[in-house]
1. Just the C-alpha atoms of segment 207-349: what Rg/Rh do they give, with Rh taken as the Kirkwood radius?
2. So for the chain, taking the charge dipole from beta-carbon charges (+1 Lys/Arg, -1 Asp/Glu), which of L83, V66, P324 sits furthest toward the positive end?
3. How large is the direction-averaged shadow of the alpha-carbon convex hull of segment 81-217, in nm²?
4. For segment 170-221, what size does the Cα cloud have along each of its three principal axes, sorted from largest down, in whole Å?
5. Compute the Rg to Rh ratio over segment 1-90 from the alpha carbon atoms, using the Kirkwood formula for Rh, and round to two decimal places.
6. Give, rounded to the nearest 20 debye, the magnitude of the charge dipole that segment 227-349 has about its Cα centre when Lys and Arg contribute +1 at Cβ and Asp and Glu contribute -1 at Cβ.
7. Just flag the chymotrypsin sites (Phe, Trp or Tyr not before Pro) in segment 240-349 sitting in loop per DSSP whose Cβ has no more than 16 other Cβ atoms within 10 Å.
8. Cα-based Rg (one decimal) and Dmax (whole number) for segment 57-153, in Å?
Amino acid sequence: MHRRERTLVWSLGLTGVLVAVVLVSATMGPVAIGYATVAQAMLNAIAVPTLAAGGVTLVHPFSFPVPGPHQTIVTGLRLPRILLGAVVGFALATAGTVMQGFFRNPMADPSIIGVSTGAAVGAVASIVFPVSFPLSLQAAAVLGALLAGFGVYLIATDGGRTPVATLLLAGVAVQTFLGAVISFMLLQAGDTLQRAVYWLMGRLETTSYSEVAVTLAVTLPTFLVLLVYARDLNVLLLGEEDAHTLGIDVERTKRVLLAASSVATAAAVAVAGVIGFVGLIVPHVMRLLVGPDHRILLPTSALAGAAFLVATDTAARMGPAEMPVGIVTAALGAPFFLYLLRKREVTAL
């Protein structure tokens with residue numbers, strides 16, 4: 001089977017899995033709702049823009065007889081959270097795939113160059129010191145993520161070149177320092193400590209369609225940029241000297257990959273907090289299934305990440321007490337990853 005055919009088959013299959021997970025997730029909650037009712041409620045929510053005499057209006061092509069409370073529960077409460085989980089999982093898995101290929105290390109994830117920790121610093125600062133940092137939590141998180149990511153890049157760059165090993169070590173050092181900054185701020189948190197710690201655990205509880213739209217508006221373009229550079233990322237796996245010989249502008253490619261993956265991670269962390277393991281385990285599992293070609297691996301990992309986070313968030317809200325999804329991803333992801341380590345030897349990419 002040719003690459004394009006394999007990509008199409010895997011993408012369609014994972015899209016079907018994602019749709020099924022979304023549908024199942026929307027039926028679950030304190031009020032159980034049947035699959036047919038959920039599907040009809042979702043179709044009722046579809047709005048198509050049309051031109052009219054007074055301008056653009058939204059027309060709902062479907063009007064299934066769904067009870068009002070069920071329509072509100074599905075489209076007003078559950079669907080925004082589910083969609084945000086899908087977008088965040090999509091972004092984290094995309095960034096994780098690129099980081100693992102970039103560093104040629106299956107243990108790499110989106111936090112490896114300090115982006116997630118930088119976002120955490122910005123978010124915690126906005127919570128603990130709202131007067132000194134008069135930014136919204138999301139804006140502060142994005143700012144902190146981008147400053148950390150590009151700060152690590154500048155530290156590791158010398159003479160126009162950015163060695164991967166230096167970048168990795170700089171990321172570890174900056175993460176350690178920023179972790180100390182977070183610990184200091186938590187000591188000063190006072191009454192805001194619970195909110196700050198809760199955000200650090202990763203959560204999708206308070207969600208609106210506007211958050212989904214903004215996150216998607218950032219995530220989708222960065223994904224498309226990374227997809228364009230998927231072939232170049234494949235060549236980088238051969239080594240920088242070989243990639244240069246084959247006509248790849250190595251330094252420019254590295255800048256684009258780092259910038260796009262950092263922005264995707266920042267967008268996800270800003271709305272959902274620090275959620276671990278999605279960007280680590282999903283790309284690794286998909287690499288075992290579809291192989292190392294990033295032209296196939298990137299879209300399939302993104303779709304699998306979306307389905308994975310929706311499923312884990314569903315588990316997080318269905319327990320006796322609702323938990324932050326970051327706890328569930330770690331609790332489910334760590335044992336599964338250890339199982340993979342036992343079954344298969346993990347080597348450099």
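The values are calculated or read from the model by the stated rules, or taken from the named source; none is laboratory data. Fair warning: this is a prediction, and the values are worked out from it, not measured in the lab. So basically every Cβ, Gly included, is an ideal-geometry build from the backbone, and we count neighbours across all protein chains shown. We work out accessible area using only protein heavy atoms, side chains counted, and drop any ligands, DNA or RNA first. Shrake-Rupley method; radii C 1.70, N 1.55, O 1.52, S 1.80 Å.
1. 1.01
2. V66
3. Numbers: hull surface 36.5 nm².
Computed as one quarter of the Cα hull surface, the answer is 9.1 nm².
4. The Cα atoms of segment 170-221 stretch 34, 34, 13 Å along the principal axes, largest first.
5. Numbers: Rg = 16.4 Å, Rh = 15.1 Å.
Checking Rg against Rh, the ratio lands at 1.09.
6. Details: 10 positive and 10 negative charges, 64 e Å.
It works out to roughly 300 debye.
7. Values: sites: F277, F308, F336, F337, Y339; in loops: F277.
In loop regions of segment 240-349 (DSSP not H, G, I, E or B), there are no sparsely surrounded chymotrypsin sites (Phe, Trp or Tyr not before Pro).
8. Rg, Dmax (Cα atoms, Å): 19.2, 55.
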